[in-house]
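First comes the structure, then the notes that go with it.
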Amino acid sequence: MTIAVLKYWLLATIGLGWSYHKNKEKTKQSFYKSKIMVKSMILDIIGILMIIGVIMAYVPMELITKYLGNNSNLAVSVLGASAAGGITIIPAFIAFPLVAALQEQGANIMVITAFLTTLTMVGVATMKIEINEFGKKFTFIRNALSFVLAITIAVIMGVIL
């Protein structure tokens, strides 16, 4: 464990102690709700981590570098990652370890940024719900602007980093 992790554990422990001191019942309720949340998500988390493990074990580094790395056709890779991010529904806490693993394998920062930003900003899979709540025009304009901004952010990150 690193020093930073230990600091976060210490900070969380102090916060928990303070919460328990302020209101024991609310702290107990939050633990109960957290337990229910973890139970509902644990299979998804394990599944995603297994998928990441399989990808890292069976997809050769050369393949990742070829299609997502600096020597790939960057425009195609960024657009492909943007499309993948826009149509998938993956919680951010699972997406971050996935892209960290991809970066370690040689994926380009622009490709990773394009995937992450469209994952959080564009919602193709949730369009029907959004159309019902906000209307077609708003939904399509929001998603189109989000897509363009996500690619812009990816390019800026690529230039900066």
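Positive end of the dipole of segment 1-93, charges at C-beta (+1 Lys, Arg; -1 Asp, Glu), about the Cα centre: which of 71, 5, 15 has its Cα farthest in that direction? Working it through, the farthest residue towards the positive pole turns out to be 15.
Applying Stokes-Einstein at 20 °C and 1.002 mPa s to the Kirkwood radius of segment 1-68, computed over alpha-carbon pairs, gives a translational diffusion coefficient of 138 µm² s⁻¹.
In order along segment 124-135, the Karplus-derived 3J(HN,Hα) couplings, from 6.51 cos²θ - 1.76 cosθ + 1.60 at θ = phi - 60°, round to 5, 5, 9, 4, 4, 5, 5, 4, 4, 8, 10, x Hz, and Gly and Pro are given as x.
Note on the chain: lysine pairs with Cα distance below 29 Å, sequence gap of 8 or more or different chains, count 19.
Charges were assigned to the Cβ only: +1 to each Lys and Arg, -1 to each Asp and Glu. The resulting dipole of segment 1-140 about its Cα centre is roughly 700 debye.
Rounded to the nearest whole angstrom, the semi-axes of the ellipsoid equivalent to the chain, taken from the Cα gyration tensor as √(5λ), stand at 33, 24, 16, largest first.
Every number in this text was worked out from the coordinates using simple rules, so none of it is lab data. Predicted model, so just to flag it, every value in this text is computed and none were measured. So basically every Cβ, Gly included, is an ideal-geometry build from the backbone, and we count neighbours across all protein chains shown.
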